[in-house]
Structure formats: C-alpha cells, structure tokens
C-alpha cells in the first residue's frame, strides 16, 4: 500500500493540515492515497494545526469580477498563469478582464472557452492558446460562476489583494428604492469583505446539509476518543463543538469584522429595521486564487525528507 503514496501527496497533506511529516505519510498510507480521506484521518486524530478548506498551495494569476449594468447579476472568474511576473503583464491582465466580460455575456454554466472573445472573431480558447505562445507560459481559464438576484435587490462584487480573493454576493430587498441607500451599500460591501476575510461556507445554518454536520460530528467524536474523553460525556461536548463550528462556517453567525461585538445577522436585522423593508443575503461565491491546485515540490521539502530518512 505504501508504494501508492508519493512524497508530493505527503507534502500536499502537510500544506493542508500543518501536521508532522511522519503523521502525514502515515495518514496517506492508511487512506491508500485518497487525499480527502487522509485529511479526515489527520483531523480525527487531532494532529492538524490548521486544516485549509481551500486545498493545496495557490498558483499565480488573478480572480476578477464584473457586475451587470442593472446590478442584478455578477460573475466571478479565475484565470491562472505560471508566474507572478507574468500575472502582472498588461496583455495577461487585459485577457483576464475580457474573459470576465465574456462570462457576463454567456449563459450560466456555459463552456467559457467556446464563447466569443470580446473585440474579435476568435473564441476565448483560441485567444488563450495564442497568448500562451506569445508569453511562453501556460494560461488556464479555470472556473467561473454567476450570482443573480430576481426582483428587488442587487449583486455586489469585491476583489481583494489585487485579485487574490474575489467575492460576489446577492442581496434581496423588499423594495428596489432601498438599494440606493448608503447604509445598504455599506452593509453589502462590508459583508462581501467579511466573506473574503473569513471564508464562510454557507450563508446560514439552515443551508448546512445534514451529511456535512454528521461528518463534522464524526471528526469531533474521533478527536474526543483520541483525547480519552469518557464516552458518556462526548455527546454534550460534540453538541457544543458543532454549535461553534456552525458559527465559524455560516456567514450570518460570524462576528462582524467591522463591528466585532455584533454578528452579521444582527447587523442585517438592524439594517432591515432602519430601512423599513426586508433585507436578505441570498447567495455568495468566493474564489481564492489557486486554491486546490498543486505546485511543484519545493526544494526545502526534499531536504526535510532527506533529514527524516537520516540522510
């Protein structure tokens, strides 16, 4: 079974969990090379210093966003390139921006590569291939998504750190006039920044699937077993841990990064009262550049492996 596990997999697991090298290697062997199962093993054994939801180390490129003229929809796009230097190239930046324009014009779920590239007769894929030849670096139009609001409301876009993290957020209102209020504009912008900074997985607890709660409870159960907690005490402890976990992964339950003494839900309720109309955060999409993409093994990792082997 051990031969199924590469040192690159071990490094990826360590990058995701910050657990020790030997622990990561053992977990990968136990999981027969299944990365997600290995992460779960590390979590259950309580060995992870931090488990990155995003996945592996980021590659270069940019996350871009564009809101439709009517404010009722927006798209989020990730375009990757090999080096940070090339990511700042004006032609690459222009390509990424125009791909985002193509995404806004495309139907939801469309193959973006087959869409017409703005300003020419070629497709996005044909233009990408030509730019690869010109810049000498591989370029990937990796993913895109759209958020739409039907009826009163708007979609807000926020891009942080020069394209490292991007967010599009839909907010519904009881009447469209409230969308022009400065307090509403501030709330949706603050909420988008909250999503960028705190990386929630859901808008509210009601969206969390039962199987996600069950899986998380199993992780907490295994951790308590490792810690030697008595069986009769575990259900109550798990209940508390789950409640805390839900506050971490649900946007509305998180303490506001702007007003830490209040949750995002409390701020939403206050705004609804102030505006005299319903305010609902309906859906968001968050992209972090390069999340889940592997990079080549770093030189210092080879040194660490040699040291571990007694070399």
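What follows draws every value from the coordinates through simple rules; no lab data is involved. Bear in mind the structure is a predicted one, so any value in this text is a computation, not a measurement. Backbone-built Cβ (ideal geometry, glycine too); neighbour counts: all protein chains shown.
Using per-residue counts of other Cβ atoms within 10 Å, averaged over each peptide, order 235-248, 161-174 from highest down.
Ranked from most to least packed, the peptides come out as 161-174, 235-248.
Cut-off is 10 Å between beta-carbons; in what order do 261, 274 appear when sorted fewest neighbours first?
Fewest-to-most ranking of 261, 274: 261, 274.
Is segment 105-170 best put as rounded, prolate or oblate by its Cα gyration tensor, with a ≥ b ≥ c the root eigenvalues, rounded for a/c under 1.5, and otherwise prolate when a/b is larger than b/c, oblate when not?
Details: a/c = 3.00, a/b = 1.61, b/c = 1.86.
In terms of gyration-tensor shape, oblate.
Let me make sure I get this right: for segment 214-283, a, b and c are the square roots of the gyration tensor eigenvalues over alpha carbons, sorted descending. Under 1.5 in a/c it's rounded, otherwise prolate if a/b > b/c, else oblate. Which is it?
The shape class here is prolate.
Mean-square fluctuation check for the chain, GNM, Cα pairs under 10 Å: which of 179, 38, 233 is largest?
Looking only at 179, 38, 233, the largest GNM fluctuation is found for 233.
For the residues 40, 231, 270, 288, what sequence is obtained by ranking on other C-beta atoms within 10 Å, fewest first?
By the 10 Å Cβ count, ascending: 231, 270, 40, 288.
Using a Gaussian network for the chain with springs between C-alpha atoms less than 10 Å apart, which of these wobbles most: 189, 84, 211?
Per the Cα network of the chain with a 10 Å cutoff, 211 tops the list.
Rounded if a/c is under 1.5, else prolate if a/b beats b/c, else oblate: with a ≥ b ≥ c from the C-alpha gyration tensor eigenvalues square-rooted, which is segment 50-164? Don't skip to the end; give the middle numbers.
Values: a/c = 1.99, a/b = 1.22, b/c = 1.63.
Judged from the Cα gyration tensor, segment 50-164 comes out oblate (a/c at least 1.5, b/c at or above a/b).
In a GNM of the chain with a 10 Å cut-off on Cα contacts, which of 159, 93, 62 has the highest mean-square fluctuation?
Taking springs between Cα atoms under 10 Å, the residue moving most is 93.
Given the Cα-Cα distance of residue 176 and residue 22 and 0.36 nm per residue of separation, how much length would full extension add, in nm?
That pair, residue 176 and residue 22, stretches by 49.7 nm at full extension.
Just to be sure I understand, if you calculate mean projected area of the Cα convex hull in nm² for this structure, which of [x] 20.2; [y] 36.9; [z] 16.0 do you get?
Computing mean projected area of the Cα convex hull in nm² and matching it to [x] 20.2; [y] 36.9; [z] 16.0 gives [x].
Run the numbers for residue 185 and residue 237: contour at 0.36 nm per residue of separation, minus the present Cα-Cα distance, in nm.
14.7 nm
Kindly state, to the nearest 0.05, the FRET efficiency for residue 280 paired with residue 248, given R0 = 25 Å and r defined as their beta-carbon distance. Don't skip to the answer; put the middle values down first.
On the way: r = 22 Å, r/R0 = 0.86.
Working from the Cβ atoms, E equals 0.70.
Just to verify a number: FRET efficiency for residue 229 and residue 116, C-beta to C-beta distance, R0 = 45 Å, to 0.05?
For residue 229 and residue 116, the calculated efficiency is 0.15.
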